[in-house]
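Novice: Take this structure, written in structure tokens, and hold onto it; I'll ask about it next.
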Amino acid sequence: MSEKQTKRRVTFKEISSSFKIYGFIKPYKWQFIIGIICLVISTAVVSVLPIGFRQLVDAANSSAMSREMLTKLGMYLVGILLVQSVFSFFRIWLFEIVSQRSMSDIRRTLYEKIITLPISFYENNRVGELTSRISSDVTQLQDALGFNLATFVRQLVLPVVCIPFLFTISVKLTLVMVATFPPLIISAVIFGNYIRKLSKKSQDALASSTTIVEETFQAADVVKSYTNETYETNRYGKAVNHVADVALRAAKYRASFVSFIIFALIGSIVLIVWQGLSIVAAGELSMGQLIEFLLFTVFIGGSLGGLSESYSVIQKTVGAAERINEILEEQSEVHLSDETKMVTITGNVRFENIKFAYPTRKDIPIFSSLSFEVKPGEKIALVGPSGSGKSTIIKLLSRYYQPDGGNIFLDEKPLNDFNVTALRKNIGMVPQEVILFGGTIGENIAYGKPGATLQEIAEAARKANALQFIESFPEGFDTTVGERGVKLSGGQKQRIAIARAILRNPKILILDEATSALDAESEKLVKDALDELMIGRTTFIIAHRLSTIRQADKILVINKGKIAEQGTHKELATLQDGTYSRLLKLQFED
């Protein structure tokens, strides 16, 4: 985040926008309302305590004082404390219910929003920053919705309730006490604004350090293969040191402000006691009234002293709420509440005059006028140099991106007319770089068809030539694969991905070097399984190893965003000076 963004003032519009988050309290409005009532009652009851102490002191100084009267006054004070304790208990408990439940709803809604956003969103946002939004930003909101909101309200209400009592006791002493308000309020605004800016910097720095952790843990094999443990440790060390530096700067200003508040409050109390004793000596005030005034002053002083801290927390939540709202206002490509009906397709695919450039690189067009057609059940191989657009074709077909011009048709129907979830349920993919979840082998295969039986999972594994190595593990399908499948070899992960695609039983199959990580024997067995799987299915094969696409019905050679050549392996191999024949010769020479 730029310095300019960090230092800008929070506008009224941003503050109003942040209050949208409080809409998550609505399902728990009665707990919230009753909690507020308990808060008001407990605050009002506390305000009565000084009156009780005044009566107790005045009674002790009275010649008509009796043990019975002191006992009644003592019981009166104990009763007030008990009432206050009961209402405080329910206030804390109810606010905690509202806080925990609403935060669970926010986390679930935020996760649902992020998981339903298009691929372009993930390309523009780092995983660590998104994780920080769900963790630290929501936690910041939880603090505000829970204890700090109640505390902030009490700190505002208590002075309002107590100050009228002070005027009834002594106007002179009240004016002395109120004279300390302006410097306290001005300091709170100045220090509060600066602390808020530093706190926002600290949150952003923490999100950046979290990103480093996410990236290095996910790419642990790369870190170790390049022996960059020291480099990454130093990089993370600099990031967390920066977090600490920013936090310490905020703590320094917060400590300065608290010290000033303590000095100002104690100084005010000393001044009030000195002035009050003079008034008592003059007979204008009883000792009980002075004690009552001092207790009210302490309550007000404590509220004002804590007000800056609560205000600082409330300010920090504005930034957290703003960042969460930014995500919640993004346009989802999938809506989980919509009922998705399965659609039956034959698999006829047609690209017509497609123009496309990635949103983040609009100045570099990938396709200027791409056109081709794939008949149902055909096996189409996509060949070409890196960056020619082979994977982009698949991303457009899967609707990860929208073309800038032209149209894509599926069964002669515009692709955008299909529900995106229903469309992708008809597409199965076996990528070159397999991503496995940290659960069991069985769970990873079943990801292709949630709710599949163990028999279906085992059959898919058998067809993918994975059953033998799975059953060799003591726990079989319950074997944990580890984070991103680190406990399995490349070939084993590839076969699990193939089993996952087989279980999905898609109408359109995408193979991105699906057999590249297998040994010769396994490759033949898996290739036989894939040949059987491809029957009756439209199949796109992205290939760099040209030996794997000899049996394709058609090969599309893509170069500079266009179809440079198309035909069977035999036809293209005999073209003089053709791109395909040149690539074939280069691989043969290797």
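Residues checked against (1) open to solvent by 40 Å² or more (accessible area, probe 1.4 Å); (2) among the small types (Gly, Ala, Ser); (3) within 20 Å of Phe299 (Cα to Cα); (4) modelled with pLDDT of 75 or more:
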site	(1), (2), (3), (4)
Ile190	yes, no, no, no
Ser199	no, yes, no, no
Leu206	yes, no, no, yes
Ser209	no, yes, no, yes
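Condition check ((1) farther than 30 Å from Val160 by Cβ; (2) modelled with pLDDT under 80; (3) in contact with a Cys (Cβ under 6 Å, 6 or more places away or on another chain); (4) open to solvent by less than 40 Å² (accessible area, probe 1.4 Å)) across all residues:
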{"residue": "Ile34", "(1), (2), (3), (4)": "no, no, no, no"}
{"residue": "Ala44", "(1), (2), (3), (4)": "no, yes, no, no"}
{"residue": "Met75", "(1), (2), (3), (4)": "no, no, no, no"}
{"residue": "Ser85", "(1), (2), (3), (4)": "no, no, no, no"}
{"residue": "Glu112", "(1), (2), (3), (4)": "yes, no, no, no"}
{"residue": "Thr116", "(1), (2), (3), (4)": "yes, no, no, yes"}
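Novice: Going by what's in this entry, would Val243 be described as without any contact (Cβ under 8 Å) to a residue 40 or more places away in the chain, surrounded by 15 or more Cβ atoms within 10 Å (Cβ to Cβ) and of a type outside the set (Gly, Ala, Ser)?
Specialist: On the way: without any contact (Cβ under 8 Å) to a residue 40 or more places away in the chain: no; surrounded by 15 or more Cβ atoms within 10 Å (Cβ to Cβ): yes; of a type outside the set (Gly, Ala, Ser): yes.
Against the criterion (without any contact (Cβ under 8 Å) to a residue 40 or more places away in the chain, surrounded by 15 or more Cβ atoms within 10 Å (Cβ to Cβ) and of a type outside the set (Gly, Ala, Ser)), Val243 does not qualify.
Novice: Would you point out the residue of the stretch 398-416, among those that are under 14 Å from Asn348 (Cβ atoms) and of a type in the set (Asp, Glu), that is least open to solvent (accessible area, probe 1.4 Å)?
Specialist: Per the stated criteria, the residue is Asp411.
Novice: Scan the stretch 469-499 residue by residue and report those that are free of Cβ contacts under 8 Å to residues at least 60 places away in the same chain, within 30 Å of Thr538 (Cα to Cα) and basic (Lys, Arg).
Specialist: Lys493, Arg495
Novice: Now a separate question. Which ones in the stretch 432-468 are on the phi < 0 side of the Ramachandran plot and in contact (Cβ under 8 Å) with a residue 60 or more places away in the chain?
Specialist: Initially, the stretch 432-468 is screened for residues on the phi < 0 side of the Ramachandran plot, giving 432-450, 452-464, 466-468.
Within the stretch 432-468, Gln432, Val434, Leu436, Lys463, Ala464 meet the criteria.
Novice: A further question follows. Report, by residue number, each residue of the stretch 442-466 that is in a helix (DSSP H, G or I) and either among the β-branched types (Val, Ile, Thr) or out of contact with any helix residue (DSSP H, G or I) (no Cβ under 8 Å at 6 or more places or on another chain) (or both).
Specialist: Just the residues of the stretch 442-466 that are in a helix (DSSP H, G or I), to begin with: 442-446, 454-463.
Scanning the stretch 442-466 gives Glu443, Ile445, Gln455, Ile457, Glu459, Arg462.
Novice: Continuing with this model, one more query. Being touching a helix residue (DSSP H, G or I) at 6+ places or on another chain (Cβ under 8 Å), assigned to a helix (DSSP H, G or I), open to solvent by 10 Å² or more (accessible area, probe 1.4 Å) and among the β-branched types (Val, Ile, Thr): is that true of Ile106 here?
Specialist: Working: touching a helix residue (DSSP H, G or I) at 6+ places or on another chain (Cβ under 8 Å): yes; assigned to a helix (DSSP H, G or I): yes; open to solvent by 10 Å² or more (accessible area, probe 1.4 Å): no; among the β-branched types (Val, Ile, Thr): yes.
No, not satisfied.
Novice: To continue, here is another question. Test Asn505 against the stated conditions and say whether it is under 28 Å from Pro376 (Cβ atoms), touching a residue at least 12 places away in the same chain (Cβ under 8 Å) and crowded, with 20+ Cβ neighbours inside 10 Å. Give the steps one after another, and end with the answer.
Specialist: Numbers: under 28 Å from Pro376 (Cβ atoms): yes; touching a residue at least 12 places away in the same chain (Cβ under 8 Å): yes; crowded, with 20+ Cβ neighbours inside 10 Å: no.
When the stated conditions are applied, Asn505 does not pass them.
Novice: Let me ask something else. Would you check if there is a residue in the stretch 463-473 being among the polar types (S, T, N, Q) and buried (at least 16 other Cβ atoms within 10 Å of the Cβ)?
Specialist: As a first pass, look at the stretch 463-473 and keep what is among the polar types (S, T, N, Q): 465, 468, 472.
Narrowing the set further to residues that are buried (at least 16 other Cβ atoms within 10 Å of the Cβ) leaves 465.
Yes: one or more hits.
Novice: Only one of Ala239, Ala264 is farther than 30 Å from Ile169 by Cβ and either assigned to a helix (DSSP H, G or I) or in contact with a Gly (Cβ under 6 Å, 6 or more places away or on another chain) (or both); which?
Specialist: Working: Ala264 fails: farther than 30 Å from Ile169 by Cβ.
Exactly one residue qualifies, and that residue is Ala239.
Novice: Taking the residues in the stretch 246-271 that are β-branched (Val, Ile, Thr) and open to solvent by 70 Å² or more (accessible area, probe 1.4 Å) as candidates, determine which candidate is farthest from the chain's Cα centre (by Cα). Outline the logic, then answer.
Specialist: The first filter runs over the stretch 246-271 and keeps only residues β-branched (Val, Ile, Thr), leaving 246, 258, 261-262, 266, 269-270.
After this cut, where a residue has to be open to solvent by 70 Å² or more (accessible area, probe 1.4 Å) as well, the list is 262, 266, 270.
Working: Ile262: 38, Ile266: 44, Val270: 50 Å.
Step by step, filter the stretch 246-271, then rank; the result is Val270.
Novice: For the structure I just gave you, tell me whether Ile300 is at pLDDT below 80, buried (at least 21 other Cβ atoms within 10 Å of the Cβ) and in contact with a helix residue (DSSP H, G or I) (Cβ under 6 Å, 6 or more places away or on another chain).
Specialist: Details: at pLDDT below 80: yes; buried (at least 21 other Cβ atoms within 10 Å of the Cβ): yes; in contact with a helix residue (DSSP H, G or I) (Cβ under 6 Å, 6 or more places away or on another chain): yes.
When the stated conditions are applied, Ile300 passes them.
Novice: For the stretch 372-391, does any single residue satisfy the condition of being touching a Phe, Trp or Tyr at 6+ places or on another chain (Cβ under 8 Å), modelled with pLDDT under 90, open to solvent by 30 Å² or more (accessible area, probe 1.4 Å) and not β-branched (Val, Ile, Thr)?
Specialist: No, the conditions are met nowhere in the stretch 372-391.
Novice: Same structure, new question: Is it true that Leu145 is modelled with pLDDT under 80, closer than 20 Å to Ala207 by Cα, crowded, with 17+ Cβ neighbours inside 10 Å and out of contact with any Gly (no Cβ under 8 Å at 6 or more places or on another chain)? It would help to see each step written out before you state the result.
Specialist: On the way: modelled with pLDDT under 80: yes; closer than 20 Å to Ala207 by Cα: no; crowded, with 17+ Cβ neighbours inside 10 Å: yes; out of contact with any Gly (no Cβ under 8 Å at 6 or more places or on another chain): yes.
For Leu145, the condition - modelled with pLDDT under 80, closer than 20 Å to Ala207 by Cα, crowded, with 17+ Cβ neighbours inside 10 Å and out of contact with any Gly (no Cβ under 8 Å at 6 or more places or on another chain) - is not met.
Novice: Of the residues Asp553, Asp577, Asp512, Asp531, only one is of a type outside the set (A, V, I, L, M, F, W, C), at pLDDT 75 or above and open to solvent by 80 Å² or more (accessible area, probe 1.4 Å); which? I'd like the intermediate steps shown before the answer.
Specialist: Details: Asp553 fails: open to solvent by 80 Å² or more (accessible area, probe 1.4 Å); Asp512 fails: open to solvent by 80 Å² or more (accessible area, probe 1.4 Å); Asp531 fails: open to solvent by 80 Å² or more (accessible area, probe 1.4 Å).
The unique qualifying residue is Asp577.
Novice: How many residues does the stretch 428-448 contain that are farther than 24 Å from Ile542 by Cα, modelled with pLDDT of 85 or more and open to solvent by 30 Å² or more (accessible area, probe 1.4 Å)?
Specialist: The number of residues fulfilling the criteria is 1.
Novice: Right, here's the next one. Please pick out the residue among Leu158, Leu175 that is within 30 Å of Ile279 (Cβ to Cβ), surrounded by 15 or more Cβ atoms within 10 Å (Cβ to Cβ), aliphatic (A, V, I, L, M) and at pLDDT 75 or above.
Specialist: Numbers: Leu175 fails: surrounded by 15 or more Cβ atoms within 10 Å (Cβ to Cβ).
Among Leu158, Leu175, only Leu158 is within 30 Å of Ile279 (Cβ to Cβ), surrounded by 15 or more Cβ atoms within 10 Å (Cβ to Cβ), aliphatic (A, V, I, L, M) and at pLDDT 75 or above.
The values are calculated or read from the model by the stated rules, or taken from the named source; none is laboratory data. Since the model is a prediction, treat every value here as computed from it, not as a measurement. Methodologically, a virtual Cβ is constructed for each residue, glycine included, from the backbone with ideal geometry; neighbour enumeration extends over all protein chains shown. Just so you know, the surface numbers come from the protein's heavy atoms only, side chains and all, with ligands and any DNA or RNA stripped out. Shrake-Rupley method; radii C 1.70, N 1.55, O 1.52, S 1.80 Å.
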